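Right, one structure below, let's go through it.
The values are calculated or read from the model by the stated rules, or taken from the named source; none is laboratory data. Only a predicted model underlies this, so the values are computations on that prediction, with no experimental measurement involved. Cβ sites come from the backbone with ideal geometry, for glycine too, and all protein chains shown count toward neighbours. Surface accessibility is based on the protein's heavy atoms, side chains included, excluding ligands, DNA and RNA. Shrake-Rupley method; radii C 1.70, N 1.55, O 1.52, S 1.80 Å.
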Amino acid sequence: MERKNAWLKYDEEGRKTVFEFSERYRRFLSRCKTERECVSQVIEDAKAAGYEDLNEVVAQGKTLKPGDKVYCAIMGKSIALFHLGERPLEEGMNIVGAHIDSPRLDLKQNPLYEDGNLAMFETHYYGGVKKYQWVALPLALHGVVAKTDGTTVSVVLGEDPGDPVIGISDLLPHLGRTQMAKNAEKVVEGEDLNILVGSIPLEDEEKEPVKKRILEILKEKYQISEEDFQSAELEAVPAGEARDYGLDRSMLIAYGHDDRVCAYPSYQALLSLEAPRKTCVCLLVDKEEIGSVGATGMQSRFFENAVAEVINCAEEYSELKVRRALQNSCMLSSDVSAAFDPNYPDVMEKNNSAYFGKGLTFNKYTGSRGKSGSNDANAEYIARIRRVLDDADVSYQTAELGKVDQGGGGTIAYILANYGMEVIDSGVAVQNMHAPYEVVSKVDIYEAYRGYETFLREI
C-alpha cells in the first residue's frame, strides 16, 4: 500500500512537463484572485478552445450536436462548461466540479472612516480564517464597483510593482502582554481587521481631511464616490504573485490554492478533450467557503437549469431527461485535502493522510466527527475510478481530513449527490489551508490534471 513518490516516475523530460504545467497554473493563480477574475479567465480560455456562450446558442435557436462545446455563466461568479458527447445526455455526464472562491476580507458597504488622522477601511472576513494571520502583511484590493449609471468599474490595486499596498496593523510585543494571554481565536477580533489606507490630509479641510484625500484619489483613479461603495464587491487579498517554494522549486506558495489548485486542472482537462463518448462537464462555483449558498453557490439551481437548456438545444426536451441526465452522472468533486505536516503530526493519522508528492488525493468522505455532513462515496464507484487511473498510470492516494474527532470539513460533493449521481471528493493536498499563503506540490497539480482528464475520457 506504500504509494511511490510521483516525482520518481518522471525522467528529465517528464519533470519539465510538470514544471511547465505548474508555471501556467502559477500565472493563472497570480491573475485570478477573485471568483469574477477566475470566471473571466476561464471564458477567455474556453472561447479560444472553441466554446460558445450557451445563452447565445439559445437566443439564435441553434441545435447542439455531439462535439459541440458551450459554456454558461451566472453573475460572472460561477460557470459550467459542456463538451457534448456521442451518447444521449440522459445516459449521464462525467463532471469535474470545483469552487473558485477563497477566504478573504470583504470591504463593508460603508467601509471608509478616519481615526487618529488615519484613513481606514472596515472589513468583514469571508470563510473560515485564523484572523491573526491576516495582520502585518501587504494586501491588495480586487473587485468591482457598480455605479448607478449602469457602468461597472474593475479595481485591481496593489499587484503592479509600482502600486502601493495596504494592510492591517498588529500590536507591538512591548504592549502585547494582555493580547498574548488571549485565546488564539480572540487575539485579533473580526471587528479589528481594519485596513490602513492613508495618512495625508486634504488641504483646507477641517473635518476628516485624510478620509477626504482618499476619496479624492478614488475619484481621480476610478471615478467612484463614497456612495458607490454601497454597490461594490471589493476583496482584500494578499498582494503579489504566486512563487516557487522550496530550494528544489518543487512546490508553489500562493494565496487561493483552495480551491483554484483544483479548478485550474479541472477546466484544463476538459479543454484538452477530443470527441468524448459521454458529455463532459466542468463546473466552477462560488460561495463554497460560506456554505454554497446564494444564486452563485452550488445549492442554487444554476447547474440544473444549465443542463435543462443544453438538453433543450440538443434533443427533444423533457423534464424526465433532465432528471435522468443528473442521476446517471458521475462526478469528481475537485476540492483540496489537508497535507501531512511534520510540524503538526498530532492532528493527523499517518496511515490515512495525504502527502506531498503522492499525487491526486481521494477523500471517500469528509464531514466532521461521525462523518456528519459528508458524501460517503460508493465502493463500486471507487473501484471503477481506481481501474481507469491505474491503467493510465496516474498517481493517486486516499486520505481523511485529520483524526476522527479532531475536526473536519465540507465540499460541494453532498449537494450534487442529492441528484442521485455518483460523487467522490478528489483534489490536491495543501499545507497552510485557509491561511493567506498556502503551499502545494507541483507534481500533485499535474497528477490532478492527468487524473481529471482520464476520468472525463474513460468513466
Can you pull out the residues in region 11-41 that are over 11 Å from the mean Cα position of the chain (by Cα) and aliphatic (A, V, I, L, M)? Val18
Of everything in region 230-247, what is outside any strand (DSSP E or B) and open to solvent by 10 Å² or more (accessible area, probe 1.4 Å)? Give them in sequence order. Gln230, Ser231, Ala239, Gly240, Glu241, Gly246, Leu247
Within region 107-123, is there a residue that is among the small types (Gly, Ala, Ser) and out of contact with any Gly (no Cβ under 6 Å at 6 or more places or on another chain)? yes
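Tell me whether region 135-158 contains one or more residues that are closer than 14 Å to Ala232 by Cβ, polar (S, T, N, Q) and part of a strand (DSSP E or B). Give the steps one after another, and end with the answer.
Filtering region 135-158 down to residues closer than 14 Å to Ala232 by Cβ leaves 141-148, 151-157.
From the residues that got through so far, the ones that are polar (S, T, N, Q) too are 148, 151-152, 154.
Now restrict to residues that are part of a strand (DSSP E or B): 152, 154.
Within region 135-158, one or more residues are closer than 14 Å to Ala232 by Cβ, polar (S, T, N, Q) and part of a strand (DSSP E or B).
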Out of (1) part of a loop (DSSP other than H, G, I, E, B); (2) more than 27 Å from the chain's Cα centre (by Cα); (3) on the phi < 0 side of the Ramachandran plot; (4) surrounded by fewer than 16 Cβ atoms within 10 Å (Cβ to Cβ), the odd one out for Glu220 is which? (1)
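Is it fair to say Gly150 is open to solvent by 20 Å² or more (accessible area, probe 1.4 Å), at positive phi and without any contact (Cβ under 8 Å) to a residue 40 or more places away in the chain? Break it down stepwise before answering.
Values: open to solvent by 20 Å² or more (accessible area, probe 1.4 Å): yes; at positive phi: yes; without any contact (Cβ under 8 Å) to a residue 40 or more places away in the chain: yes.
Yes; evaluated as a whole, the condition is true for this residue.
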Please list, ordered by first then second residue, the pairs with beta carbon atoms under 8 Å, 6 or more apart or interchain, first in region 279-304 and on the phi > 0 side of the Ramachandran plot and in contact (Cβ under 8 Å) with a residue 40 or more places away in the chain, second open to solvent by less than 30 Å² (accessible area, probe 1.4 Å) and outside any loop (DSSP other than H, G, I, E, B). Lys287/His99; Ser292/His99; Ser292/Val285; Ser292/Ile415
State all residues of region 70-120 that are β-branched (Val, Ile, Thr) and more than 30 Å from Val237 (Cβ to Cβ); if no residue qualifies, say none. Val70
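For every residue, the table says whether it meets (1) more than 23 Å from Gly408 (Cβ to Cβ); (2) not charged (D, E, K, R).
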{"residue": "Pro345", "(1), (2)": "no, yes"}
{"residue": "Met348", "(1), (2)": "no, yes"}
{"residue": "Gly357", "(1), (2)": "yes, yes"}
{"residue": "Leu360", "(1), (2)": "no, yes"}
{"residue": "Ser372", "(1), (2)": "no, yes"}
{"residue": "Asn378", "(1), (2)": "no, yes"}
{"residue": "Ile385", "(1), (2)": "no, yes"}
{"residue": "Asp390", "(1), (2)": "yes, no"}
Go through region 178-208 and count every residue that is of a type in the set (A, V, I, L, M), surrounded by 15 or more Cβ atoms within 10 Å (Cβ to Cβ) and either under 26 Å from the mean Cα position of the chain (by Cα) or more than 24 Å from Pro111 (Cβ to Cβ) (or both). 3
Given the conditions (1) under 30 Å from Pro173 (Cβ atoms); (2) outside any loop (DSSP other than H, G, I, E, B); (3) open to solvent by less than 30 Å² (accessible area, probe 1.4 Å), which single one is not true for Tyr132? (3)
Take residues that are surrounded by fewer than 15 Cβ atoms within 10 Å (Cβ to Cβ) and at pLDDT 95 or above and tell me which of the strands (runs of 3 or more DSSP E) falling wholly in region 19-126 contain 3 or more. 104-115
Mind listing whichever residues of region 222-239 are among the small types (Gly, Ala, Ser) and in contact with a Pro (Cβ under 7 Å, 6 or more places away or on another chain)? Ala239
Return the residues of region 299-315 that are under 15 Å from Ser333 (Cα atoms) and out of contact with any Leu (no Cβ under 7 Å at 6 or more places or on another chain); say none if nothing qualifies. Gln299
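State whether one or more residues within region 106-125 are among the hydrophobic types (A, V, I, L, M, F, W, C) and over 30 Å from Glu185 (Cβ atoms). Spell out the reasoning first.
Start the filter on region 106-125 by keeping residues that are among the hydrophobic types (A, V, I, L, M, F, W, C), which leaves 107, 112, 118-121.
Filter again for over 30 Å from Glu185 (Cβ atoms), leaving none.
Looking for residues that are among the hydrophobic types (A, V, I, L, M, F, W, C) and over 30 Å from Glu185 (Cβ atoms), one finds none in region 106-125, hence no.
Of everything in region 159-177, what is outside any loop (DSSP other than H, G, I, E, B) and surrounded by 10 or more Cβ atoms within 10 Å (Cβ to Cβ)? Give them in sequence order. Quick ask: steps written out before the conclusion?
Keep residues of region 159-177 that are outside any loop (DSSP other than H, G, I, E, B), which gives 166-167, 173-175, 177.
Across region 159-177, the qualifying residues are Ile166, Gly167.
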Taking region 183-201 and the residues there that are touching a residue at least 40 places away in the same chain (Cβ under 8 Å) and among the polar types (S, T, N, Q), the one that is nearest to Gly128 (Cα to Cα) would be Asn194
Just checking, does region 410-429 include any residue being free of Cβ contacts under 8 Å to residues at least 12 places away in the same chain, farther than 24 Å from Cys280 by Cβ and either part of a helix (DSSP H, G or I) or of a type outside the set (D, E, K, R) (or both)? no
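Let's see how each residue does on (1) modelled with pLDDT under 95; (2) open to solvent by 30 Å² or more (accessible area, probe 1.4 Å); (3) under 20 Å from the mean Cα position of the chain (by Cα):
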| site | (1), (2), (3) |
| --- | --- |
| Ala383 | no, yes, no |
| Arg386 | no, yes, no |
| Ser395 | no, no, no |
| Thr411 | yes, no, yes |
| Val430 | no, no, yes |
| Glu458 | no, yes, no |
For region 120-138, what are the residues that are over 20 Å from Ile100 (Cβ atoms) and of a type in the set (A, V, I, L, M, F, W, C)? Met120, Phe121, Trp134, Val135, Ala136, Leu137
Could you grab me the full set of residues in region 242-278 that are of a type in the set (A, V, I, L, M) and touching a residue at least 40 places away in the same chain (Cβ under 8 Å)? Ala242, Met251, Leu252, Ile253, Ala254, Val261, Ala263, Ala269, Leu270, Leu271, Leu273, Ala275
Please count how many residues of region 1-18 are open to solvent by 60 Å² or more (accessible area, probe 1.4 Å) and outside any helix (DSSP H, G or I). 5
